[in-house]
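A quick write-up on the structure given underneath.
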Amino acid sequence: MSDVYGTGWASKNAVGYAPDSVMYYNGQTIWGGTTWDNVALFDDQGHPLQSLNVYKGMLEGYKSPEQVKSALKSVVTKIWNNTDVKPNDGLVTGKVLDNKEFLNASVSKQLSGESNQVIGQEALTQIANQLSNGISSPIYEAANGAKYHYVYWIEGDANRVVEFVNDNKDVKYGQPLTAKYSATVVVDAEPGVQEVTSPISIRVSKVWNEVGGKQVVLTDPLKAGEQLTKGIDMPLINTKSVKQLLTGAQGTNISTATLNKLKENLPQNITGTADYKTADGNHYYYDFWLDSVDSNNTKYGEPVTVNSTASLKWAKKDMVTSEN
């Protein structure tokens, strides 16, 4: 083999040192190179490995493979409507939905790769497991005045990962992937029912007044259980998506699924705006972290309580000036 392909598992000088099984094959010599040459550059049949390309790169320069990104098409394949509402928003099967609602950051990271390279089964499985599910559409108004919206669910139920992988098994990076969704009609308000938006009430669930390992004594610190009426920027909480989730027929219960979705849409951390000053001239503020959302049969129109923990942070210390 070494005479034909130019390499072997040992050099001729190894005869007598290396076992004959390494030096001969069917009575023929198989030396001609070294073990390191063979392992690094050729396979055990003498064929060149990709590692040989390093020399080509040294001579001609390297060019990184082009990185491209695939689009994700979220397509409605079924519409379920067990209500008496007749939608008039134009949704039909085959429609591609707005990607802003369906493309989360986890999926977006998985969509980039080398141009013309097939997206592997492992990557497709990861994408399928991270696809957004149970997404609510904006609220629409039917011709008879009823309010309704859609909830989008990934098709396939327990087999949705397998179906997604099979639907996209030959797709290459740069080509679009397809995710199939069903749309279920949900009635928010019947005709003539007043639609209202529940306000959000912030309650302090826990308070930490320790900074740098030392307890800070404030004149009027926050206390666990109290409602926040100031010291927090409410517009950061009352976003468009949050108001949409908290809008419905007055007096009807807000579902647990909606409250869970509300928690996902609320900011996880907000810096407080109130300034707390101690006698030694140090200034502090509170950081608020989302804890939970109360789900005790809250109705549309009633306040929805959001529990947040409060952690004291040091801000600055007043400069001390002296007069001569």
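Read-outs throughout are calculated quantities, based only on the coordinates presented, and are distinct from any laboratory measurement. Since the structure is predicted, the reported quantities are computational estimates derived from the model, not experimental observations. As a convention, Cβ positions derive from the backbone with ideal geometry for all residues, glycine included, and neighbour counts pool all protein chains shown.
Legend: calculated FRET efficiency, residue 208 to residue 53, from the Cβ-Cβ distance at R0 = 56 Å, rounded to 0.05, equals 0.45. Counting only Cβ charges, +1 for Lys and Arg and -1 for Asp and Glu, the dipole size of the chain around its Cα centre is about 500 debye.
Computed over the chain, the P(r) tail beyond 37 angstrom holds 51 percent of alpha carbon pairs. For residue 304, the residues whose amide H sits under 5 Å from its own are 200, 201, ignoring neighbours fewer than 5 places away on the same chain, with H placed 1.01 Å from N.
Each label was represented as a point 7 Å from its Cα along the Cα-to-Cβ direction; for residue 13 and residue 41 these points are 1.7 nm apart.
A protection proxy built from the mean count of other Cβ atoms within 10 Å ranks the segments 18-25, 249-256, most packed first, as 249-256, 18-25.
Toward the positive end of the charge dipole of the chain, with +1 on the Cβ of Lys and Arg and -1 on the Cβ of Asp and Glu, the farthest Cα among 119, 281, 31 is that of 281. For the stretch 170-324, dividing the convex hull volume of the Cα atoms by the residue count gives 223 Å³ per residue. Here the stretch 266-324 is assigned +1 on the Cβ of each Lys and Arg and -1 on the Cβ of each Asp and Glu. Its dipole about the Cα centre then comes out at about 80 debye.
For residue 172, a cut-off of 19 angstrom between C-alpha atoms picks up these lysines, skipping any fewer than 8 places away in its own chain: 69, 73, 109, 180.
The long axis of helix 256-265 is offset from the longest Cα principal axis of the chain by roughly 70 degrees.
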